[in-house]
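**Q** For reference, the structure I am asking about is given below.
The values are calculated or read from the model by the stated rules, or taken from the named source; none is laboratory data. Everything quoted here is computed from the prediction, not taken from an experiment. A quick note on method: Cβ atoms are made from the backbone with ideal geometry, for glycine too, and the neighbour counts reach across all protein chains shown. Just the protein is used for accessible areas: all its heavy atoms, side chains included, with ligands, DNA and RNA removed. Shrake-Rupley method; radii C 1.70, N 1.55, O 1.52, S 1.80 Å.
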Amino acid sequence: MDLNEIWQSTLNEIELQISRPNFLTWFRNSRIIEKTDEGKIVISLSNTFAKEWVENKYHKLIFDSLKNFDESIKKIEYCVVSNDEKNIFNKEIKKTPSPKHQPDIPELKVDPETNLHPRYNLKSFVVGSSNELAYGAMSAVIKNVGKKYNPLFIYGGTGLGKTHLIQAAGNEIKNVYKNKIKVKYVTSEKFVNDVVWAIRNKRMEDTKAKYRDVDVLIIDDIHFIGGKERSEEEFFHTFNALYERNKQIIISSDRPPAAIPVLEERLRSRFEGGMIVDISYPDYEMRLAIIKNKLQEKNSQLPDNVCELIANKVQRNVREIEGIINKVLFYYEVKNIEPTIAMVEEIINNILQQSSKNITSAQIIKAVSDFFELTQPDLIGHSRKKEFIEPRQITSFLLRDLLRMSYPDIGEKLGKRDHTTAIYSCNKIAKEINKNQTLNRKIILIKEIIYKN
Ligand code: ADP
Ligand code: MG
């Protein structure tokens, strides 16, 4: 048998033992490129992601299968062979340099003191008719911290840039005023958790101090706080303590104060005493500008007609626009598939359908266990084995991300765990997904499985 035949036979065996989507994803375009006299086999895979994955997950399977056909094999090495000749991609598109050619980029991390993420800045925030009021009010606040609009209350639908704008404002204030102004960002969910924790552990004084000892308090998604009495009470006092000392408060919500049903009247009237502005849906020009902006951030390009198509079709959510760009780039950069109009249209339709389709937690759990080839009892069970941990955390994250499930419910679904474990898992994955390409791609592939079924 020559090397080619050995590999074909090995692939036939492997194909029987793993799921079809996994087989196609990881082994497409793989081959043996060398066998040395010492019995070392070199297998090439189509990209670094596949290499890492195959090496970590299928090594033993490959080794055992190969040995069936050639007993002299002692060792396997994996490599990536660039597929220039296979690259059928449109010439006007430049490919991002592969990671090894990029200069070391310092890892972006949430600043522990402010809780702000450095990825959000005003420079990357595209301003247009849908958000210029909010942006204008925010600029005024940055120039006159605590003196102009207080509180500044920003509301709008999901994925329209509220978190981006208020975090960017926090970063800007920090940069402009250096250490003179102390900024703190918190989601209202985290605020509630802190209050609950403080009550349980009799540490209310510390928690009070933590939030009252700042010059700018930014609180995201305040609508979550409504109805949680003790937290609302605590927030009210924090609010007053800050307000009376002319400290700046910036708030975001998915709806105006009057529409948060269970919000206490006194808190509502406090909010209404400041400045309330909304962010609405971006128009076509703005959507196109956002697309160009995101591509630039990623150091990638797509043909104009593809950008225009996305801007045309995806109208209600900037996060969806980003999701589509990521997916198109993923197909191109990882799978080497040309983003034709037809293909991008299909991606868009899929993603737009997804947002309306009813996904169940059972589908998510099944997709994750299929992807990692674990049994469902292992995935949601209590074993602390290393290979179960990440899949389990990804499951928590997807239950949260796709179904907006509450943390206690996620804990319940995943083997009756405590809600703090669910919070930890979701936060961990949410943080890492931005800086860990491998994780990001795994999640894209799992989502594909979910939506395909
Ligand atoms: P929200 O908090 O309103 O749900 P986000 O601030 O999380 O929305 O925005 C969703 C995604 O869209 C983020 O990645 C953000 O960077 C991006 N985005 C939203 N609006 C803009 C904008 N005007 N310019 C650039 N990026 C934007
Ligand atoms: Mg947000």
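**Q** I'd like the residue in segment 40-57 that is in contact with a helix residue (DSSP H, G or I) (Cβ under 7 Å, 6 or more places away or on another chain) and modelled with pLDDT of 85 or more and, out of all such residues, is surrounded by the most Cβ atoms within 10 Å (Cβ to Cβ).
**A** 41
**Q** Further, regarding this structure: Are there any pairs, at least 6 apart or on different chains, whose C-beta atoms fall under 7 Å, with the first in segment 264-279 and under 10 Å from residue 149 (Cβ atoms) and the second part of a strand (DSSP E or B) and at pLDDT 90 or above, and if so, which?
**A** Here the result reads 274/152; 274/153; 275/152; 275/153; 276/153; 277/154, each pair linking segment 264-279 to a residue that is part of a strand (DSSP E or B) and at pLDDT 90 or above.
**Q** Let me ask another. Condition test on residue 254, is it within 16 Å of ligand 2 (Cβ to nearest atom), in contact with a strand residue (DSSP E or B) (Cβ under 6 Å, 6 or more places away or on another chain), closer than 17 Å to residue 162 by Cβ and of a type in the set (D, E, K, R)?
**A** no
**Q** Could you check segment 59-85 and list, in sequence order, the residues that are under 28 Å from residue 333 (Cα atoms), at pLDDT 90 or above and in contact with a helix residue (DSSP H, G or I) (Cβ under 8 Å, 6 or more places away or on another chain)?
**A** Result: 61, 62, 76, 78, 79.
**Q** Regarding residue 22, is this residue part of a helix (DSSP H, G or I) and open to solvent by 80 Å² or more (accessible area, probe 1.4 Å)?
**A** The answer is no for residue 22.
**Q** Among the candidates 279, 310, which residue alone is within 24 Å of residue 440 (Cα to Cα) and crowded, with 19+ Cβ neighbours inside 10 Å?
**A** 310
**Q** Looking at this structure, is residue 432 open to solvent by 40 Å² or more (accessible area, probe 1.4 Å), farther than 30 Å from residue 297 by Cα and part of a helix (DSSP H, G or I)?
**A** No.
**Q** Out of segment 362-382, which residues are open to solvent by 10 Å² or more (accessible area, probe 1.4 Å) and either within 17 Å of residue 19 (Cα to Cα) or at pLDDT 95 or above (or both)? Before the answer, list the steps.
**A** Within segment 362-382, the subset open to solvent by 10 Å² or more (accessible area, probe 1.4 Å) is 362-363, 365-366, 370, 372-378, 380-382.
363, 365, 366, 370, 372, 373, 374, 375, 376 - these are the residues of segment 362-382 that are open to solvent by 10 Å² or more (accessible area, probe 1.4 Å) and either within 17 Å of residue 19 (Cα to Cα) or at pLDDT 95 or above (or both).
**Q** OK, next. Exactly one of (1) outside any loop (DSSP other than H, G, I, E, B); (2) within 10 Å of residue 364 (Cβ to Cβ) is unmet by residue 405. Its number?
**A** (1)
**Q** Okay, moving on. Go through segment 213-237 and give me each residue that's under 21 Å from residue 264 (Cα atoms) and charged (D, E, K, R).
**A** Residues satisfying the conditions are 220, 221, 228, 229, 230, 232, 233, 234.
**Q** Kindly list, by first and then second residue, each pair from a residue in segment 434-453 that is modelled with pLDDT of 80 or more to a residue that is outside any helix (DSSP H, G or I), limited to pairs with Cβ atoms under 7 Å and residues at least 6 apart or on different chains.
**A** The qualifying pairs are 450/359.
**Q** Residues of segment 272-300 being of a type outside the set (Gly, Ala, Ser), modelled with pLDDT of 90 or more and in contact with a strand residue (DSSP E or B) (Cβ under 9 Å, 6 or more places away or on another chain), which ones?
**A** If the condition is that a residue be of a type outside the set (Gly, Ala, Ser), modelled with pLDDT of 90 or more and in contact with a strand residue (DSSP E or B) (Cβ under 9 Å, 6 or more places away or on another chain), then 275, 276, 277, 278, 279 are the ones that fit.
**Q** Of (1) on the phi > 0 side of the Ramachandran plot; (2) within 16 Å of ligand 1 (Cβ to nearest atom), residue 320 satisfies all except one. Which?
**A** (1)
**Q** Same structure again: Count, please, the residues in segment 336-348 that happen to be surrounded by fewer than 16 Cβ atoms within 10 Å (Cβ to Cβ) and modelled with pLDDT under 85. Show your work before the answer.
**A** Within segment 336-348, the first condition is being surrounded by fewer than 16 Cβ atoms within 10 Å (Cβ to Cβ), and the residues that meet it are 337-338, 340-343, 345-346.
Subset that is modelled with pLDDT under 85: 337-338.
Residues meeting the conditions: 2.
**Q** Taking segment 238-255 as the search range and keeping residues that are within 26 Å of the chain's Cα centre (by Cα) and surrounded by fewer than 23 Cβ atoms within 10 Å (Cβ to Cβ), which one is farthest from ligand 1 (Cβ to nearest atom)? Outline the logic, then answer.
**A** Of segment 238-255, the ones within 26 Å of the chain's Cα centre (by Cα) are 250-255.
Next, only the ones that are surrounded by fewer than 23 Cβ atoms within 10 Å (Cβ to Cβ) stay: 254-255.
Working: 254: 8, 255: 12 Å.
Taking the candidates together, the pick is 255.
**Q** May I ask you to list the residues in segment 236-265 that are closer than 30 Å to residue 317 by Cα and out of contact with any Gly (no Cβ under 9 Å at 6 or more places or on another chain)?
**A** 256, 257, 258, 259
**Q** Take the residues of segment 128-147 that are in contact with a helix residue (DSSP H, G or I) (Cβ under 8 Å, 6 or more places away or on another chain) and closer than 13 Å to residue 216 by Cα: which is farthest from ligand 1 (Cβ to nearest atom)?
**A** Looking at residues that are in contact with a helix residue (DSSP H, G or I) (Cβ under 8 Å, 6 or more places away or on another chain) and closer than 13 Å to residue 216 by Cα, I get 145.
**Q** Something else: Name the pairs: first residue in segment 153-170 and near ligand 2 (Cβ under 9 Å from one of its atoms), second residue among the charged types (D, E, K, R) and part of a strand (DSSP E or B), Cβ to Cβ under 7 Å, at least 6 apart or on different chains?
**A** Correct list of pairs: 163/220; 166/220.
**Q** If you don't mind, another one. Could you tell me how many of the residues in segment 278-329 are more than 16 Å from ligand 2 (Cβ to nearest atom) and of a type outside the set (A, V, I, L, M)?
**A** Within segment 278-329, residues that are more than 16 Å from ligand 2 (Cβ to nearest atom) and of a type outside the set (A, V, I, L, M) number 23.
**Q** Would you tally the residues in segment 313-334 being closer than 21 Å to residue 282 by Cα and open to solvent by less than 10 Å² (accessible area, probe 1.4 Å)?
**A** Looking only at that region, the number is 4.
**Q** Now a separate question. At least 2 residues that are surrounded by 18 or more Cβ atoms within 10 Å (Cβ to Cβ) and out of contact with any strand residue (DSSP E or B) (no Cβ under 8 Å at 6 or more places or on another chain) in each: list the helices (runs of 4 or more DSSP H) lying fully within segment 126-237 that qualify.
**A** 132-143, 162-177, 188-200
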